Each structure stands twice: as structure tokens, then as C-alpha cells.
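Heads up, the thing below is written out as C-alpha cells.
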Amino acid sequence: MSDLTRLTAAELADKIHAGEVSAAETTQAHLDRIAAVDGDVHAFLHVDAEGALEAARAVDADIAAGTAPASPLAGVPLALKDVLTTRGVPTTCGSRTLEGWLPPYDATVTRRLREAGVPILGKTNMDEFAMGSSTENSAYGPTRNPWDLDRIPGGSGGGSSASLAAYEAPLAIGTDTGGSIRQPAAVTATVGVKPTYGGVSRYGLVAFSSSLDQAGPCGRTVLDAALLHEVIAGHDPMDATSIDAPVPAVVDAAREGARGDLSGVKIGVVRELSGEGYQGGVLRSFEAAVAQLKELGAEVVEVSCPNFTYALPAYYLIAPSECSSNLARFDAMRYGLRVADDGNHSAEEVMSLTREEGFGAEVKRRVMLGTYALSSGYYDAYYGSAQKVRTLITRDFAAAFEQVDVLVSPTTPVTPFKLGEKVDDPLAMYLNDICSIPANLAGNAAMSVPSGLSDEDGLPVGLQIMAPALADDRLYRVGAAYETARGPVLDKLGELEAAK
Amino acid sequence: MTTAELMDYAEVIERYDPVLGLEVHVELSTNTKMFCGCPNSFGGDPNTHVCPVCLGMPGALPVVNGTAVESAIRIGLALNCDIAEWCRFARKNYFYPDMPKNFQTSQYDEPIAFDGHLDVVLDDGEVVRVDIERAHMEEDTGKSLHVGGATGRIHGAEHSLLDYNRAGVPLIEIVTKPITGMGERAPEVARAYVTALRDLLRAMDVSDVRMDQGSLRCDANVSLMAKGAGEFGTRTETKNVNSLRSVERAVRYEMTRHAAILADGGSIKQETRHFQEADGTTAAGRTKETAEDYRYFPEPDLVPIAPTREWVEQLRATIPELPWQRRKRIQEDWNLTDEELRDLVNTGAIELVAATVDAGADQADARSWWVQYLNQQATSRETELADLVITPAQVARVIELVGSGELTNKLARQVVDGVLDGDGDPDQVIEKRGLKVVSDDSALLAAVDEALAAQPDVADKIRGGKVQAAGAIVGAVMKATKGQADAARVRELILERVGA
Amino acid sequence: MSNISRDEVAHLAKLARMAVTEEELDTFAGQLDQILDAVAKVGEVAGDDIPPTSHAVPLTNVFRTDEVRPGLSQDEALAGAPAAEEGRFRVPRILGEEQ
Ligand SMILES: [Mg+2]
Ligand SMILES: [Zn+2]
């Protein structure tokens, strides 16, 4: 394995901008790594070597010409979750229904990455339309966790998290509707951030649940995530839910946090996000993390968010409801898969047969669940009540943030489970999101940062940090301080080749 | 359905009270569509006014057109509605190929304007107040072309072709409260209401209000209640009503159809019916297998609209004088009798005359042109006065040319015919068809000499003092010049020539 | 609260335009029932005095100026179409009426 793939994004950027290595050789090193290990990991659905190298060469040309790099990450390659549109490059969302579709436009996140000179290595695997917590719901086969190839890499953004842990990419983009950035980060010992809802444009992010979806940065360090955050965040007039406010200074916050001093910071431990259903090793790792935060000078108190216990049921009504409507457009009329167009079937029949063929079981389940929750006679009891719970959870957060600056909890209740273990038990699968969902419902910012390995199975555990909306910088300050004190976790993962 | 299955209208009125509900869809004449920057223009090659948003492509997001919201508020104010302090868009979910997202973004239980009224003047001058339930914003669908089969209509077609140029065009839907107590005048009230609404919207310059092009569409809900019953009957909704005249015919037809069924002991099926222009009947649509369940829920991609009261008042100040106020003022300004005013209103000419006067014409001349000649032309061309291609400014120009002697009345009518035939504006028609009065004396003199030479006996009579005999020579000259001479000047020249 | 029948699942599949198989009807009936039982819990705290939240951020009045922006060419629009003809999307015959 080339040394270049072991460096952080910040280190790579320094070397590229100083002319020590070229962006092209950096990109090529990662493409070589993908060629070597992705047959086992299957993080990528599509590798765009030509596009990535072209972008890298453009950065090298700038540097050779003495032009200032387009951004602090210019030349550092990245893996993009296949739920964000890329002009002329396949975008499948892990679904058969979009197999072969070449979007005619770039998502705003994609456009910002291109403008920042970030070579896009390819599109990463995911649960179909981002519905899942294991990446087993991809129509193109699962992604495997580099820590243990028999285990899940988290989901829905398992491709992005695995690409980082397997050193195939130093940076990745994920999207987080109920934890799809943070849970994969936790189970691969990488860093993932769900920015404040409205902080990063959703234009070109193929919608699962519009009021919850948020794209965010993934990296191996908090600083790398911060650098990427600043590239992709900011107001976008193409997204009506995009917040027209300055992007929080997350890079400064990460650098400040890395100095290791949290004095003056008040941290709340959420009482409801622990206890029954949580793996012992996860809870012990979390307790150790809390102790470390205290050592860093933070004041830690316990806070109660009583309505968080209703977050999971509310989520599993709101998200399916919105998805039942968002996915209606996949109807075989204008793009994507079409079956049974043999002259004997009507448009209505072709729609039904195509949707039956094009969607996997989890997507169908959620579409029907949402159709039910929105239908007349059930709306008030299900969707309507879920929206009220959303109000209560938002109030819980507001009350908690009156007392503390950030909240902490485990990111997930358990370490990565075995492939196939929960795939036929939707409810058990849904429990993976129990800690991450409240932040989505309220629109808050949240991060997962590695907190070591569980003492009983040696598998990664994540610490979740949650901040109020528009206070994303607090995540980075606390996350970077903790990361520095804790020391690297991913380094414990030996060479993938050795692990086999 | 044959006429035997209809009840005689007088008997209908004797036995039943009609109840009307009118839903009018108005396409706004904004520059762009409701939720994207595609041009809102009629015509154009198929699928050339489209983008990822209005094609419902994965990842695309809507953003509300601010001008459309202003138009909606202005329409609401002109209809004496309350303007919502806070309202949202909702999704109306149903699958149909001409609707790219398979939901219509519309307002549901939170319309931007509600509880208004419109005073409507009937042909005899009676004023009826129609209560307005709501005016809400939504988007139009694409257009389907049905190929194969005998009729080119949906039934029997082999396949369909879709053009989304109109998909996403802003619509305002204006819904009346039930209109009761109108008795035999119900059809007339329906027509007068749509006419008043059209005039109002035209005066506000928010829509082209062309029923023939679909920029104003009326769905007529009709039900009957037996005299003294006090409870509304089952209604039918008649669509495809494409002219003001059809509104009246459709309502009247449905009343006679309902009555015949009810009198026969039958019951009315709640259904959508289509008006058939050719024979003035309505036909049932295909019945749906299951009742629609639109699963409305708040559109998560769009944030709420909360018009400030200042904004509403600013918009109120931009509403022009409303047609009925204007009528009153015009009657006073022009000193018209009630009958003259009624002629203007009934022919639909009032705004056209006013615009012609604004363009510099005398009101009596303008009235005469629109109420008489142009009204005849509209009838013979089977169109509405307002839908004639001639503009008030062009009529004013014709009047000006007659006033200056450059056109005779006869020539002026030929010029107007040319404009109506699409040959351009009056000056272009004059040029193209060579219709100008021959004012070149030498050309006229030649024609006069020729005529005098041809009729020497008449010439002698004139010389002998019988000046009125000149008429025959004038006639000959006019014939020779194809009517393009000024008869008074010809007479002068004749008298000059014979030395009388 | 729930107890969703096979027929109801069939109705949902129809509303959602998915031609599910007989086998799926059974599987989904059981799973949806289980999930609905679990999520019905939201009703416990959703009192009449609690306003619903539909959006995660409290934004209002986000409007676009009424200016034309470049869109797609006809070729770009139709590039991903399963079938096209005469510059239009070609689809199988449509049975239902327009709404
Ligand atoms: Mg409507
Ligand atoms: Zn568009």
C-alpha cells in the first residue's frame, strides 16, 4: 500500500499545495488502492478514474502555474455517496430502478466539490435510496466492514465509511436521514458529521425523507471532516430549506479543540440514550469517553430528554411517509427502469410492474408503511402524531441546550453485527438508529467520533456529540479535543490484507 | 343520451333548486414556472421548457416563484378574501403520467386566500354576490398526446406522448362556496361569474385568461335539491368547459339531465363528466376502481409562507380599479345610458373600448367599432370578442386613419378584416393590400376625365347645373379606384372639371 | 391499534403502484403489522395542545425571483427516457382519466 493513502486529507493538501506530491499521483494512489481492495470491500458502485484524474491534473496545472489552489482541499480525492447526482456519471442510489441513469445535472454538493478542485474517485455503495443501517439493502450487493469482512459497515452510507476505513479515499460524502453518516462512522472508527439541517444544500441529493435528509462530511479525522464541511456547506438558492447564514467556522473550531482544552465547556449526558438494549462494551467505551472529556476540563452533567424514547417510532412514520411520496417519481415514464413495455400493458400496469421489479424489499416496506400512515383515516393517529412528537423532541433539545453546550451519547447501541443477521427483522434493524434519530427530527448538528473498541468484541464504538442548530462548530471543538486525547483508533486496524 | 332523457327546463325549475359550485383554474402569466426557472410560455417545441425540477428528476428541488405568490395575494385581495397569515404547500399524491413527480404541489387546508366574494352583474343589470371559498396556488401538469385509435383521444389509443413544457406552470384555483337560490338563472349566473372573474383577472394583468388556450379553465359542479328538501343533492363535476358560452350550456344541460334521472326515481352518481362542445351534452368519464386517497401532507421541500401585513397592504395598493367600479366611472365619464352600458358589458367590449379610448380614440367611435362591426366579426368567426387578434391600439389606429381621411369607412373595414386575418397591424395591412385612399389628385383626375368621357350626357347635365347628377360620375370613379378614393374630393374634382 | 390485513396491504400496494406478489402480501402483512404496533406509541404523548412540526428549520418566505434560468435541451431531457418519439416521452397507453 502506498504511503499516500495513509495520510490525512489535511496532510495530503499540504503536500500537494507545497508541490511535494502531485494531485494526480495522489489520486492515482487511491485508484490503485481501490483496485487492490475493493473486490473485497465493495465500497464503490462506480469508479470514475478518468474524471478524477482529469480534476487532479487541473489542480496540478494550477499549482504549476503558481495559481492559488481553488480550496484548502484542492487535489485531495474523495468518495461520493451514490445518492448525489453527478452530471454524466452513473447515479443509482443503490437501486435497480436507476441502473444506467446518467443525470443531466450536478448536485450542488457535487458542483462545490468540483469547484474546490476535489477529484471525485467514484460513487459509493449504499442501502437502496438510503433506507437501511447495514448497506445490505443495496441492489448491487453489500459493502463489507474493513474491520471484519463478515460484518456490516453501517448504513445507509456504508460505502463511504468503508472507503475511508479501507484507505481507498481520505474523504467521503455521506447523507444522514436517521444516522446514515454517523452510524457507519461509528462502526468503522471514522468521523462523520450530520450538519445542521439546511446547512448543506440538498439540491441533487435524491430524496429519501426531505425534512430529515442532510449531506455531510466523512473523514478519518475531525479536522479533515471540518475542511470538507467548509467546502460543501453554505446557502444555496436552489434549495428552499437551505439556511441563508454564514457557515460556522468549523475548521477554526477543530484546530482550537485539538489543543486539548475544554475548560468552560458544559457537556450533557443524555440519560435516555443508554441502558437496556445497549451492548456492555459500548456503554463502557462511552463511560471512558465521558471521563476523558472531564479530564479535558469540560463540566459534565446528566440531562434528561424524556421524549427521546418516542423518536424512533416518530421517525419510522415521518421518514416512510415522505419517502412514499418522494419515490413516486420512479414510475418508468421519464427515466430509469421500465419493464413489460410490450404493447400489451397499459402505462398504469407498466408503472406497477416496474416499481415491483425495481424496488427492493425494504423500500417497498417503507413505501407501504408511509402510504398507510398518510392515508385518510390514519393520518392523525400516525403521521400527525409523529409530527407532534417532533415538536416535543425539539423542545427537549431546546431545554437541554439551555443547560449545556453539547450533548453526548453512544452513536449506536451495538458494535457492527454480522451480514445477514438482522436483514429479515426490520424492527431489530431499526434499533440501530435509536441514538442518532433525535438530531434529525430536530434539525440539530451531530457528529460521531471514534471512541475506541468494545472490550468484548474488539469492534469500533462511536461517541456521538450533538449541538444546537447552526452551532456545528461546537461539535468540531469538542470532537477534536476528544480525538486528540483519545488517540487514533483506526490505526489499530491492520492492513486489510493482513486482517484476512 | 337523447333529449328524451332530459327534463324540460321549465319543469326542472318548478320541481328543483339548483346548487352550483364553480372551480376556476387560472394560469398565471409569470415569466417562469411556479417552482423552477423554466420559461412560462405557450407553445414551443415539446420538452424545451424543462429542467430537472419540472421533469421531477431525482434530487431536484422546488423553489417558490415570488411573483406568483404576489399574484395570488393580489387575486385574493381583489376577490375580497382574507389573506392567510401563515400557510403551506402540500403534496397531493396520485399517479398520472403527465405529472412528473406523481404528486401535485398544491395548497390543501391552508390556502393563501379565503372567505371572499365577487359581485356579478347579470344581463339585465341585476347584481348577484358569489361567495368565494378560497383561492390557492398550485402547479399545472404536462400535456399528453394520444396516438393511434380512431379519435386521437385517450380511449383506444395505442400509446401516448408526453410534453412537459406546461408542467409546473403556476395555477391559481378559485373555488366558490355553493351558489344557491338562483333558480332558473343558475346557468346565467355561472356564465356571468366566470365572465366577471375573467375581466377582473385581465384588468389585473395576472393571466392571459384565454379559455380556448386553457389559461382559464372552469369546472362546474352541479346538483339539484327537490323543492323544500333543504339538503344538497349529489353533485357532478363537469370539466372540459372551454368557453363562456359552454359554462352556461354545461350547467343547464346537467340540470336537465339530473332532473330527468331524479324524477324517474334514479340517483345521481358522483362523477366527473366531460362537456362535449359539438352537441352541448356531457359524457361520463371512466369510473375509477377505487376512491382516490390523495394522502395530502405538508410539502417538506418548501417552507411556510407568512405574508407580513405590510406586504399585503403594499400589494393591495397595486390592484387596479376593478371592472365593476370602472364600469360605473365609465358610464359617468362617457355619459352613457344604462342601455348603452349594458350593450358594452354584454358584448364583453367594455374593457376593449376603454383600452381603445386610452389609445387615443373617441369613445363613440370606439364603441361603435367594438359593439357593432367587431362583435359581428367575432360571431361569424365563432370566437369571443376579446379573443379576436386585433388589439385596442390597432382599432384606435384605424379610427385615427378614418379621422384624418386616409381611410374611408369601407376601407377601414377592409383594413380591420386584414388584421383579423393575421396580415399584421393596420399600417401593414394597408401597405400589403394597397388600401389607402387615393389622394393623388392627378390619378383621380385621370379617372374623372375617363368617367366624364364615358358618360358625355351626364357631363352635360352637370354643366347644365344639375349638380346632383355628379353622383353617377362619382360612383364610376369610385368603382374605377376600387373604393380607394375619397368621394368628397372626387365630387369636387368633377365640378371643377366641368366648370360647374 | 393496527392489525393490518392482507387485503389492506394489497390496497396499499395499489395506491403505491407496486405489483406485489402473493408471497410478498403475506410477508408485508406480518411485518407492517409488527412495525405499526411499535410506532403507534407516538399516540401516547401527542396531545391536542401540541402543535405538529413539519419542518426542521423555522424558515418562512423563501422565494425565487421570477427570472428565466437555463434548463435542459430536448435531447438532454429525453436522454434517459425509456422511449421517446417526436421530441416527447413515449409511454404505454394511459387508461385512467386526467384528474
Ligand atoms: Mg386543484
Ligand atoms: Zn423547469
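Of the residues that sit in segment A:310-346 and are among the hydroxyl-bearing types (Ser, Thr, Tyr) and closer than 24 Å to B:PRO300 by Cβ, which one is farthest from the other protein chains (Cβ to nearest Cβ)? Spell out how you get there, then give the answer.
Applying the first criterion (among the hydroxyl-bearing types (Ser, Thr, Tyr)) to segment A:310-346 yields A:310, A:315-316, A:321, A:324-325, A:335, A:346.
This time we only want the ones that are closer than 24 Å to B:PRO300 by Cβ, so: A:310, A:315-316, A:321, A:324-325, A:335.
On the way: A:TYR310: 6, A:TYR315: 9, A:TYR316: 5, A:SER321: 6, A:SER324: 6, A:SER325: 5, A:TYR335: 4 Å.
It comes out as A:TYR315.
Take B:GLY465 and tell me if it is farther than 30 Å from B:TRP370 by Cβ, modelled with pLDDT under 85, part of a loop (DSSP other than H, G, I, E, B) and not polar (S, T, N, Q). Working first, answer last.
Numbers: farther than 30 Å from B:TRP370 by Cβ: yes; modelled with pLDDT under 85: yes; part of a loop (DSSP other than H, G, I, E, B): yes; not polar (S, T, N, Q): yes.
Taking the combined requirement at face value, the residue satisfies it.
Mind listing just one residue for me: the one in segment B:156-180 that is within 16 Å of ligand 2 (Cβ to nearest atom), open to solvent by less than 10 Å² (accessible area, probe 1.4 Å) and not hydrophobic (A, V, I, L, M, F, W, C) and, of those, farthest from the chain's Cα centre (by Cα)?
If we filter segment B:156-180 for residues that are within 16 Å of ligand 2 (Cβ to nearest atom), which is where we start, we get B:162-171.
Among the residues that remain, those that are also open to solvent by less than 10 Å² (accessible area, probe 1.4 Å) are: B:162, B:164-165, B:167-171.
When the remaining residues are screened for being not hydrophobic (A, V, I, L, M, F, W, C), the result is B:164-165, B:168, B:170.
Working: B:TYR164: 25, B:ASN165: 22, B:GLY168: 22, B:PRO170: 19 Å.
My answer is B:TYR164.
Do we have any residue at all in segment A:347-358 that's more than 7 Å from every other protein chain (Cβ to nearest Cβ) and either over 30 Å from the mean Cα position of the chain (by Cα) or of a type in the set (S, T, N, Q) (or both)? First the steps, then the outcome.
Just the residues of segment A:347-358 that are more than 7 Å from every other protein chain (Cβ to nearest Cβ), to begin with: A:349, A:354, A:357-358.
Checking the rest, the ones that are also either over 30 Å from the mean Cα position of the chain (by Cα) or of a type in the set (S, T, N, Q) (or both) come to A:349, A:354.
Yes, the conditions are met somewhere in segment A:347-358.
Among B:GLU289, B:GLU310, which is open to solvent by 80 Å² or more (accessible area, probe 1.4 Å) and at pLDDT 95 or above? Break it down into steps so the answer makes sense when it comes.
Working: B:GLU289 fails: at pLDDT 95 or above.
Matching residue, one of B:GLU289, B:GLU310: B:GLU310.
Out of curiosity, is B:ALA157 in contact (Cβ under 8 Å) with a residue 12 or more places away in the chain, away from ligand 1 (no atom under 16 Å from the Cβ) and not basic (Lys, Arg)?
Numbers: in contact (Cβ under 8 Å) with a residue 12 or more places away in the chain: no; away from ligand 1 (no atom under 16 Å from the Cβ): yes; not basic (Lys, Arg): yes.
Judged against the criteria, B:ALA157 is not a match.
All but one of (1) free of Cβ contacts under 8 Å to residues at least 12 places away in the same chain; (2) within 14 Å of chain B (Cβ to nearest Cβ) hold for C:GLY87; state the number of the condition that does not hold.
C:GLY87 satisfies every listed condition except (1).
Please work out if C:LEU32 is at the interface with another protein chain (Cβ under 7 Å from one of its Cβ atoms), of a type in the set (A, V, I, L, M), closer than 23 Å to A:SER209 by Cα and in contact with a helix residue (DSSP H, G or I) (Cβ under 9 Å, 6 or more places away or on another chain). Don't jump to the end; show me each part of the working.
Numbers: at the interface with another protein chain (Cβ under 7 Å from one of its Cβ atoms): yes; of a type in the set (A, V, I, L, M): yes; closer than 23 Å to A:SER209 by Cα: yes; in contact with a helix residue (DSSP H, G or I) (Cβ under 9 Å, 6 or more places away or on another chain): yes.
Yes.
For segment B:1-60, give me each residue that is within 16 Å of ligand 1 (Cβ to nearest atom), more than 9 Å from chain C (Cβ to nearest Cβ) and of a type in the set (A, V, I, L, M, F, W, C).
If we filter segment B:1-60 for residues that are within 16 Å of ligand 1 (Cβ to nearest atom), which is where we start, we get B:21-28, B:34-35.
Checking the rest, the ones that are also more than 9 Å from chain C (Cβ to nearest Cβ) come to B:21-28, B:34.
Those that are within 16 Å of ligand 1 (Cβ to nearest atom), more than 9 Å from chain C (Cβ to nearest Cβ) and of a type in the set (A, V, I, L, M, F, W, C): B:LEU22, B:VAL24, B:VAL26, B:LEU28, B:MET34.
Look through B:VAL209, B:VAL189, B:VAL194, B:VAL222 and report the one residue that is surrounded by 20 or more Cβ atoms within 10 Å (Cβ to Cβ) and assigned to a loop (DSSP other than H, G, I, E, B).
Values: B:VAL189 fails: assigned to a loop (DSSP other than H, G, I, E, B); B:VAL194 fails: assigned to a loop (DSSP other than H, G, I, E, B); B:VAL222 fails: assigned to a loop (DSSP other than H, G, I, E, B).
Unique residue meeting the criteria: B:VAL209.
Are any residues in segment A:187-202 closer than 13 Å to A:ALA162 by Cβ and either in contact with a Cys (Cβ under 9 Å, 6 or more places away or on another chain) or in a loop (DSSP other than H, G, I, E, B) (or both), and if so, which ones?
So the first thing to find is which residues in segment A:187-202 are closer than 13 Å to A:ALA162 by Cβ, and the list is A:187-190, A:192.
Those that are closer than 13 Å to A:ALA162 by Cβ and either in contact with a Cys (Cβ under 9 Å, 6 or more places away or on another chain) or in a loop (DSSP other than H, G, I, E, B) (or both): A:ALA189, A:THR190, A:GLY192.
If you take just the helices (runs of 4 or more DSSP H) that sit entirely in segment A:391-500, which of them hold at least 2 residues that are among the small types (Gly, Ala, Ser) and open to solvent by 20 Å² or more (accessible area, probe 1.4 Å)?
Working: elements: A:426-430, A:437-442, A:472-486, A:496-499.
Once the helices (runs of 4 or more DSSP H) in segment A:391-500 are filtered for at least 2 residues that are among the small types (Gly, Ala, Ser) and open to solvent by 20 Å² or more (accessible area, probe 1.4 Å), what remains is A:496-499.
What's the total number of residues in segment B:76-116 that are farther than 30 Å from A:THR371 by Cα, in contact with a Cys (Cβ under 8 Å, 6 or more places away or on another chain) and open to solvent by less than 10 Å² (accessible area, probe 1.4 Å)?
Of segment B:76-116, the ones farther than 30 Å from A:THR371 by Cα are B:76-83, B:85, B:115-116.
Those still in the list that are in contact with a Cys (Cβ under 8 Å, 6 or more places away or on another chain) too: B:115-116.
Filter again for open to solvent by less than 10 Å² (accessible area, probe 1.4 Å), leaving B:116.
Result for segment B:76-116: 1.
When the residues of segment B:110-133 are narrowed to those that are in contact with a helix residue (DSSP H, G or I) (Cβ under 9 Å, 6 or more places away or on another chain) and closer than 17 Å to B:HIS25 by Cα, which ends up farthest from ligand 2 (Cβ to nearest atom)?
Among them, the one singled out is B:VAL130.
Filter segment A:196-243 down to the residues that are of a type in the set (A, V, I, L, M) and away from chain B (no Cβ under 14 Å) and list them by number.
If we filter segment A:196-243 for residues that are of a type in the set (A, V, I, L, M), which is where we start, we get A:200, A:205-207, A:212, A:215, A:222-223, A:225-228, A:231-233, A:238, A:240, A:243.
The answer is A:VAL222, A:LEU223, A:ALA225, A:ALA226, A:LEU227, A:LEU228, A:VAL231, A:ILE232, A:ALA233.
Name the pairs: first residue in segment B:390-414 and free of Cβ contacts under 8 Å to residues at least 24 places away in the same chain, second residue assigned to a loop (DSSP other than H, G, I, E, B) and small (Gly, Ala, Ser), Cβ to Cβ under 7 Å, at least 6 apart or on different chains?
Short answer, once both residue conditions are applied: none.
When you go through A:ALA35, A:ALA29, A:ALA24 one by one, which is the residue that is touching a strand residue (DSSP E or B) at 6+ places or on another chain (Cβ under 9 Å) and assigned to a helix (DSSP H, G or I)? Full working, then the answer.
On the way: A:ALA29 fails: touching a strand residue (DSSP E or B) at 6+ places or on another chain (Cβ under 9 Å); A:ALA24 fails: touching a strand residue (DSSP E or B) at 6+ places or on another chain (Cβ under 9 Å).
Sole residue among the options that is touching a strand residue (DSSP E or B) at 6+ places or on another chain (Cβ under 9 Å) and assigned to a helix (DSSP H, G or I): A:ALA35.
Take the residues of segment C:15-35 that are open to solvent by 30 Å² or more (accessible area, probe 1.4 Å) and small (Gly, Ala, Ser): which is farthest from A:THR371 (Cα to Cα)?
Only one residue tops the list, namely C:GLY30.
Would you mind finding the one in C:ASP37, C:ASP48 that is away from chain B (no Cβ under 12 Å) and either in contact (Cβ under 8 Å) with a residue 24 or more places away in the chain or in contact with a strand residue (DSSP E or B) (Cβ under 6 Å, 6 or more places away or on another chain) (or both)? Give the steps one after another, and end with the answer.
Details: C:ASP48 fails: either in contact (Cβ under 8 Å) with a residue 24 or more places away in the chain or in contact with a strand residue (DSSP E or B) (Cβ under 6 Å, 6 or more places away or on another chain) (or both).
Going through C:ASP37, C:ASP48 in turn, just one is away from chain B (no Cβ under 12 Å) and either in contact (Cβ under 8 Å) with a residue 24 or more places away in the chain or in contact with a strand residue (DSSP E or B) (Cβ under 6 Å, 6 or more places away or on another chain) (or both): C:ASP37.
Go through B:VAL189, B:VAL175 for me and flag whichever is in contact (Cβ under 8 Å) with a residue 60 or more places away in the chain and either in contact with a Lys or Arg (Cβ under 7 Å, 6 or more places away or on another chain) or not assigned by TED's automatic domain parsing to the domain that holds B:VAL120 (or both). Write out each step before concluding.
Working: B:VAL189 fails: either in contact with a Lys or Arg (Cβ under 7 Å, 6 or more places away or on another chain) or not assigned by TED's automatic domain parsing to the domain that holds B:VAL120 (or both).
Just a single option satisfies the conditions, and that option is B:VAL175.
Can you confirm whether segment C:3-12 contains a residue that is over 15 Å from A:VAL363 (Cα atoms), facing chain A (nearest Cβ under 10 Å) and assigned to a loop (DSSP other than H, G, I, E, B)?
So far as segment C:3-12 goes, yes, one or more of its residues are over 15 Å from A:VAL363 (Cα atoms), facing chain A (nearest Cβ under 10 Å) and assigned to a loop (DSSP other than H, G, I, E, B).
Given the structure, is B:LEU118 in a loop (DSSP other than H, G, I, E, B) and at negative phi? Show your work before the answer.
Values: in a loop (DSSP other than H, G, I, E, B): no; at negative phi: yes.
No: the conditions fail for B:LEU118.
Return yes when B:VAL19 is in contact with a strand residue (DSSP E or B) (Cβ under 9 Å, 6 or more places away or on another chain), within 28 Å of A:THR92 (Cβ to Cβ) and surrounded by 16 or more Cβ atoms within 10 Å (Cβ to Cβ) and no when it is not. Give the steps one after another, and end with the answer.
On the way: in contact with a strand residue (DSSP E or B) (Cβ under 9 Å, 6 or more places away or on another chain): yes; within 28 Å of A:THR92 (Cβ to Cβ): no; surrounded by 16 or more Cβ atoms within 10 Å (Cβ to Cβ): yes.
So B:VAL19 does not fit the description; no.
The values are calculated or read from the model by the stated rules, or taken from the named source; none is laboratory data. What you see is a predicted model, and the numbers here were worked out from it, not measured in a lab. Cβ sites come from the backbone with ideal geometry, for glycine too, and all protein chains shown count toward neighbours. Protein only, heavy atoms only, side chains kept; ligands, DNA and RNA dropped before computing areas. Shrake-Rupley method; radii C 1.70, N 1.55, O 1.52, S 1.80 Å.
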